[in-house]
Amino acid sequence: MVAGKVVLCFTAVTKIPGTIVLSAAEVVKEAGGVGLIVAKNPSNDMYPCTDGFPCIEVDYDIGTRILFYIRSTRFPEVKLSPSKTVVGKPVLAKVAHFSSRGPNSKSPAILKPDIAAPGVNILAAASPLDTVQDGGYVMHSGSSMATPHVAGIVALLKAMHPELSPAAIKSALVTTAWRNHPSGFPIFAEGSPQKLANPFDFGGGIANPNGAADPGLVYDMGTADYISYLCYMDYNNTAISILTGHPTVCPYEEPSILDINLPSITIPNLRNSVTLTRTVTNVGSSNSIYRAVIEPPFGTSVSVNPDVLVFNHKTKKITFTVTVTTAHQVNTGYFFGSLTWTDRVHTFQVADVDKVASGVELSDGFIPLIDMDELQGCQVKNHKIPETNMNQIMGTTREFFKLPEQEKLKFHTTDSNKSIMLFIAFKDEIENVFISRESLRFSTFPFEDHVNEWPSNPPSLRKDVIEYCTSVKKVEFAVLEAISESLGLEKDYIDKMLCNHGQKLSINYYPICQEQDLEFTRGIRPHTDPAIVTLLLQDDVPGFKVLNNGKWVEVGHVPNTLVVHVGDLLQVISNCRYKSLHHQVFVNCEKERFSVASFCYPSSDTAIGPAMELIDDDHPAMYRNFMYREFYQEMWRSAVQHATDKRLDLFKTSIA
Ligand SMILES: O=C(O)CCC(=O)C(=O)O
Ligand SMILES: [Fe+2]
């Protein structure tokens with residue numbers, strides 16, 4: 001039965017890594033089998049079988065999917081191919097099952113672990129004494145593989161910021177760590193079953209070297225803080241004096257462990273209310289204003305005082321208090337929340353609610369904006385695009401996608417030099433997702449150059465596109481003016497930089513999805529737009545989500561508004577004051593969704609680069625100048641096509 005076949009087997013045994021697969025492989029080999037797939041939880045070890053016998057370990061989830069595949073076809077096939085290195089694709093981040101977990105039993109008020117770093121199947125240089133090394137290299141897993149990553153980052157940070165104390169460096173690592181994978185996917189904690197990871201699995205998160213290089217604020221600590229901790233832990237004066245090397249006396253009033261200046265706050269056994277203090281030190285640009293953004297843990301309320309911190313060349317340190325009040329009668333477990341100090345450089349400042357509420361004009365063509373706060377985007381109302389115009393372009397979009405396939409497929413091409421392209425649904429085999437969107441993307445400006453390329457069916461399309469694009473271009477001008485002004489630039493700065501504006505329109509269709517496929521289907525995956533700004537007209541079918549502080553947030557449909565969001569090129573022009581928005585579209589089983597996105601582009605011979613006015617000692621140029629043409633070519637390079645956050649890498653300066 002087994003002869004000539006690949007065997008899939010499920011096991012509940014969690015033996016020493018690798019051995020389970022090895023012993024099963026021997027049995028399969030003896031029975032004449034040609035390969036082995038072992039499904040077990042947890043699974044992540046990659047140990048070769050002996051004599052090059054093909055074997056692999058997968059988790060139950062993948063094992064079950066393989067099983068379903070085997071059952072779904074009469075001749076299931078297994079393909080073996082040489083391993084390859086994949087660059088720029090997100091991998092699911094998991095906290096390994098062997099990684100130690102919090103809370104800290106000795107001092108539950110101190111969060112442990114502090115930080116997570118890669119430590120599974122790490123390819124490293126080997127000691128000649130390593131028994132499994134191959135040509136000086138070896139793959140190992142464990143804290144001994146994760147700690148060198150952190151030690152390396154710390155060494156780089158210390159080289160960049162020699163003045164930072166060990167506590168400040170630790171703080172920089174903890175406060176900037178990724179709490180989601182940079183692709184937006186959550187981090188899982190390995191185990192059976194897998195669950196979403198929380199700070200007891202990863203501490204601050206996964207170490208983020210570039211983030212830690214620019215932490216803005218740090219929670220610093222000195223000898224006095226460590227002495228307070230020892231006093232709290234009931235070390236007597238004699239023991240502490242031996243450690244410090246000079247006579248040391250614990251303060252008469254016992255310090256609260258909650259006040260130790262750590263970059264995390266853990267309150268065990270919270271009853272009613274507690275107030276604690278922290279002190280932050282500004283290590284970013286000297287004139288900065290930070291605001292507190294609080295996500296209280298479930299069932300608690302949290303207040304911070306003061307909630308705005310104003311730093312200047314004299315004020316480098318500010319102490320604040322945090323009051324946490326619980327509504328829980330009984331304490332049943334830990335709940336997690338967050339306190340973020342933001343200087344809003346990464347946000348869409350034109351949409352500041354305060355400014356709008358106090359009626360400050362953003363530009364002559366005053367556009368009231370609905371703030372999407374912190375989302376690098378906003379919704380625009382009173383844009384003066386006639387409602388009929390918006391309805392017509394939506395109607396045309398629906399009609400186009402209802403056309404017979406062959407009519408639509410005329411526009412299908414993989415040639416990125418074409419100024420009109422139809423994108424159709426496809427399956428990404430590697431990530432096992434089905435991307436269901438159909439989308440027609442075409443150049444619009446200047447109309448006379450392009451109108452004849454646009455579909456002539458439905459007959460209303462050309463007229464509706466011209467009308468809509470003309471109106472939307474006006475909104476775009478107003479938005480670019482508001483953005484220029486918010487950056488302290490001349491109102492027409494971006495307009496001038498663009499000389500000849502380009503514009504592209506994307507009309508999109510997201511079909512209904514079957515319930516059973518929902519998990520593996522996306523309308524469009526997380527991405528940023530390769531434009532300056534995008535103006536999105538969406539219908540009332542939900543699905544459009546944006547990444548906000550590591551969380552995917554639905555941007556609801558507000559009648560008669562356009563969603564405006566930042567694209568990659570505005571990130572460049574603004575020298576990173578604005579960050580391009582990560583967004584994606586989910587499908588649903590009840591309603592199909594349509595949308596019309598207009599992208600503001602430079603023309604191909606426009607030079608793009610950070611505005612000179614936004615470059616100074618505190619803000620060195622993050623990007624070099626480049627031609628838009630160069631960026632467009634880079635965007636289509638296969639390696640960066642899906643990892644949209646890699647698009648700008650080629651244009652970064654050495655500082656960035
Ligand atoms: O259809 C939407 O809501 C978003 C479309 C989009 O993100 C895009 O085309 O880049
Ligand atoms: Fe997009």
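Nothing in this text is a laboratory measurement; each read-out follows from the coordinates by a stated rule. Not measured: the values here are computed from a predicted model. Cβ sites come from the backbone with ideal geometry, for glycine too, and all protein chains shown count toward neighbours.
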What list of ³J(HN,Hα) values in whole Hz, one per residue of region 414-419 in order, does the Karplus curve 6.51 cos²θ - 1.76 cosθ + 1.60 (θ = phi - 60°) give from phi, with Gly and Pro shown as x?
10, 7, 6, 7, 6, 8
In whole Hz, with x marking every Gly and Pro, tabulate ³J(HN,Hα) for region 437-452 from phi via Karplus 6.51 cos²θ - 1.76 cosθ + 1.60, θ = phi - 60°.
6, 10, 8, 10, 10, 8, 6, 10, 8, x, 3, 4, 7, 10, 3, 6
In whole Hz and in residue order, list the ³J(HN,Hα) couplings for region 129-141 that follow from phi through the Karplus curve 6.51 cos²θ - 1.76 cosθ + 1.60, θ = phi - 60°; x for Gly and Pro.
7, 5, 6, 9, 5, 9, x, x, 10, 7, 10, 10, 10
Normalised by the residues of region 556-638, what does the relative contact order come to in percent, with Cα pairs under 8 Å and at least six apart?
28
Distance (nanometres) between label positions extended 7 Å along Cα→Cβ at Glu295 and Glu453:
4.2
Which of rounded, prolate, oblate describes region 127-272, given a ≥ b ≥ c as roots of the alpha-carbon gyration tensor eigenvalues and a/c under 1.5 marking rounded, otherwise prolate only if a/b is larger than b/c?
prolate
Extension gain (nm, one decimal) between Ile62 and Glu407, 0.36 nm per residue minus Cα-Cα
120.3 nm
Give me, ordered by chain and number, the residues 5 or more places off Phe188 or on other chains with an amide H under 5 Å from its own placed amide H.
Ala93, Lys94, Val95, Ala197
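Efficiency by 1/(1 + (r/R0)^6): what FRET value for Asp234 and Leu156, r their Cβ-Cβ distance, R0 = 56 Å, to the nearest 0.05?
Here the calculated transfer efficiency is 0.90.
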For region 453-520, which chymotrypsin sites (Phe, Trp or Tyr not before Pro) are both in a DSSP coil and crowded by at most 11 other Cβ atoms within 10 Å?
none
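Would you mind ranking Tyr601, Tyr334 by Cβ crowding within 10 Å, fewest neighbours first?
The order, fewest Cβ neighbours first, is Tyr334, Tyr601.
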Please work out whether region 393-443 counts as rounded, prolate or oblate from its C-alpha gyration tensor, where a ≥ b ≥ c are the square roots of the eigenvalues and a/c under 1.5 means rounded, while otherwise a/b larger than b/c means prolate and anything else oblate?
oblate
Taking alpha-carbon centroids only, region 540-555 lies from region 558-599 a number of Å equal to 10
Separation of alpha-carbon centers, region 127-161 and region 50-76, rounded to whole Å:
33
Residues Phe68, Phe651, Phe185 in order from fewest to most other beta-carbon atoms within 10 Å are Phe68, Phe185, Phe651
How high is the relative contact order of the chain, given as a whole-number percent (alpha carbon pairs under 8 Å, six or more residues apart)?
9
Rounded if a/c is under 1.5, else prolate if a/b beats b/c, else oblate: with a ≥ b ≥ c from the C-alpha gyration tensor eigenvalues square-rooted, which is the chain?
oblate
Work the Kirkwood hydrodynamic radius out for region 1-152: mean of 1/r over every pair of different alpha-carbon atoms, inverted, in Å.
18.0
How would Ile483, Ile242 line up from fewest to most surrounding beta-carbon atoms within 10 angstrom?
Ile242, Ile483
So, in nm, how far is label Thr244 from label Met635 when the simple model puts each one 7 Å beyond its Cα toward the Cβ?
6.1
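What is the dipole size for the chain, taken about its Cα centre, with +1 at each Lys and Arg Cβ and -1 at each Asp and Glu Cβ, in debye to the nearest 20? Can you show the working numbers first?
Details: 57 positive and 70 negative charges, 206 e Å.
So the magnitude is around 980 debye.
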List the residues whose amide H sits under 5 Å from the amide H of Val293, counting only those 5 or more places along or on another chain, with H placed 1.01 Å from N in the peptide plane.
Thr340, Trp341, Thr342
In nanometres, the difference between 0.36 nm per residue of separation and the alpha-carbon distance of Val2 and Ile430 is 151.3 nm
Please check which bits of region 561-598 a label hung off Ser285 would reach, taking the label as a point 7 Å along Cα-to-C-beta and the cut-off as backbone N under 14 Å.
574-579
Considering the options Leu562, Tyr69, Val249, tell which one lies farthest towards the positive end of the dipole of the chain, charges being +1 on Lys and Arg and -1 on Asp and Glu at the Cβ, about the Cα centre.
Tyr69
The local net charge around Met497, scoring Lys/Arg +1 and Asp/Glu -1 for residues other than Met497 whose Cβ lies under 12 Å from its Cβ, equals -3
Work out the FRET efficiency for Thr11 and Arg71 from their Cβ-Cβ distance, taking R0 = 25 Å, and round it to the nearest 0.05.
0.80
Which value at 222 nm does the chain reach when only helices count, each DSSP H run of 4 or more adding -39,500 (n - 2.57), with the total divided by all residues and rounded to the nearest 500 deg cm²/dmol?
-7000 deg cm²/dmol
